[in-house]
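Let me begin by presenting the structure, written as structure tokens, before commenting on it.
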């Protein structure tokens, strides 16, 4: 069942990624995708190597200890949508939306941890997930804004 969920998430991630690139300015969306991928890969590997959580069932489990599907595709795609929906927002709107996106991702992770073998918390908790995603999304949002402001 877990492999089926992974395939569904892969297809969903690809469809959402392609859909996110349909409207300009595409350079902004690609930038946020690359920034989110870079930082999520770094932090994801760090958390798994420190044995805070593990992914018992995943794609390419012989080669990767972290979740490549989440770190390379799903989280960066969510960050693109977050950036798109906050593109013209004021500071408080960005903060609120970051909270909502983070809550949705955290709830999804909690459900996957509880009902599947896709994620297993060792010393990690849902609060760690919430705080790390929230801070990462805000950091990425403001970093991309600063970079794009210069272009």
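The values are calculated or read from the model by the stated rules, or taken from the named source; none is laboratory data. Everything numeric in this text was worked out from a predicted model, so none of it was measured. Heads up, the Cβs are rebuilt from the backbone with ideal geometry, glycines too, and the neighbour counts pull from every protein chain shown.
Key figures
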read-out: Any hit, the range 50-68, residues being farther than 30 Å from residue 85 by Cα, in contact with a strand residue (DSSP E or B) (Cβ under 7 Å, 6 or more places away or on another chain), in contact (Cβ under 8 Å) with a residue 40 or more places away in the chain and surrounded by 13 or more Cβ atoms within 10 Å (Cβ to Cβ); value: yes
read-out: Residue pairs meeting the criteria (Cβ under 7 Å; at least 6 apart or on separate chains; first touching a residue at least 24 places away in the same chain (Cβ under 8 Å), in the range 119-144; second part of a loop (DSSP other than H, G, I, E, B) and surrounded by 13 or more Cβ atoms within 10 Å (Cβ to Cβ)); value: 119/55; 122/52; 123/52; 124/52; 141/86
read-out: Qualifying residue in the range 71-79 (condition: under 20 Å from residue 108 (Cβ atoms), touching a strand residue (DSSP E or B) at 6+ places or on another chain (Cβ under 7 Å), surrounded by 12 or more Cβ atoms within 10 Å (Cβ to Cβ) and in contact (Cβ under 8 Å) with a residue 60 or more places away in the chain); value: no
read-out: Options 17, 82; residue that is in a helix (DSSP H, G or I), modelled with pLDDT of 95 or more and within 11 Å of the chain's Cα centre (by Cα); value: 82
read-out: Scan of the range 20-57 for residues that are part of a helix (DSSP H, G or I), farther than 21 Å from residue 130 by Cα and touching a helix residue (DSSP H, G or I) at 6+ places or on another chain (Cβ under 7 Å), ordered by number; value: 20, 28, 29, 31
read-out: Residues being in contact with a helix residue (DSSP H, G or I) (Cβ under 8 Å, 6 or more places away or on another chain), surrounded by fewer than 17 Cβ atoms within 10 Å (Cβ to Cβ) and more than 16 Å from residue 43 (Cα to Cα) - total across the range 113-132; value: 3
read-out: Residue list for the range 107-136, filter: assigned to a helix (DSSP H, G or I) and touching a strand residue (DSSP E or B) at 6+ places or on another chain (Cβ under 7 Å); value: 113
